[in-house]
Amino acid sequence: MPEREPPAGTMDDVDSSLVLYAGCGPGRDLARFRAYGHVARGVDLNPVFVAMADTHVPASPCDLREVGTRFPAGTFDGVCASASLVHLDAAETVDVLGQFGALLRPGGKLYVCLKATGHTGWLDEPGGRGWYTVWDPDEFATAVTGAGFEVDRVDPGPYVEVWATRNG
């Protein structure tokens, strides 16, 4: 995905915020959050990625469907999930969005990016077969709102990007 400047009012506007990168992969973006002055934590399902990410900031193994059990409610100022929810079905994604809401402090920021083109289902890839859920941008924004967020911005494209603020 191309590099973009985040809109005003996102995680890059807050000094020293505690940010959870949900599905952090090998940790490249965790290092970026740290460079911007944030305190970052990462979780990922892949233990190899967790070990790589842990060289940048503390990271731990976690199935995102259980992320709400890993940290106390209201722990984070921001949650970032870039292309990490694509492998969950729609109902699981909605549940995880609710868990993100519980992990955020009131007014906390959420960034989610996921697949908006192609079709939902199994896809054969060089590394194996994977499940992908494709979302219509408006339907995804509605799901984010339903999980207790005010949607600040939606950028449609091959990957829909949603910036939102936790209500309350």
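The values are calculated or read from the model by the stated rules, or taken from the named source; none is laboratory data. For clarity, every value in this text was computed on a predicted model and none was experimentally measured. We place every Cβ from the backbone using ideal geometry, glycine too, and count neighbours over all the protein chains shown. Just the protein is used for accessible areas: all its heavy atoms, side chains included, with ligands, DNA and RNA removed. Shrake-Rupley method; radii C 1.70, N 1.55, O 1.52, S 1.80 Å.
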Add +1 for every Lys or Arg and -1 for every Asp or Glu among the other residues with Cβ under 15 Å from the Cβ of SER84, and state the total.
-3
Cut-off 14 Å between beta-carbons: net charge of the residues surrounding GLY130, Lys and Arg +1, Asp and Glu -1
-1
Tally Lys and Arg at +1 and Asp and Glu at -1 over the other residues with C-beta under 15 Å from the C-beta of VAL151: what net charge comes out?
-4
Counting each pair of different Cα atoms once, what's the Kirkwood radius of the stretch 91-168 in Å, rounded to one decimal?
13.1
Enter the accessible area per residue of the stretch 11-168 (Å², integer; probe 1.4 Å; all protein chains in place).
47
Using only DSSP helix segments of four residues or longer, with each worth -39500 (n - 2.57), what per-residue ellipticity at 222 nm results for the chain after dividing by its residue count and rounding to 500?
-7000 deg cm²/dmol
Ignoring ligands, DNA and RNA, what percent of the 1.4 Å accessible area of the chain is carbon and sulfur?
55
Once you charge only the Cβ atoms, +1 for Lys and Arg and -1 for Asp and Glu, what is the size of the charge dipole of the chain about its Cα centre, to the nearest 20 debye?
420
Using eta = 1.306 mPa s and T = 10 °C, Stokes-Einstein with Kirkwood Rh from Cα pairs puts D for the chain, in µm² s⁻¹, at 100
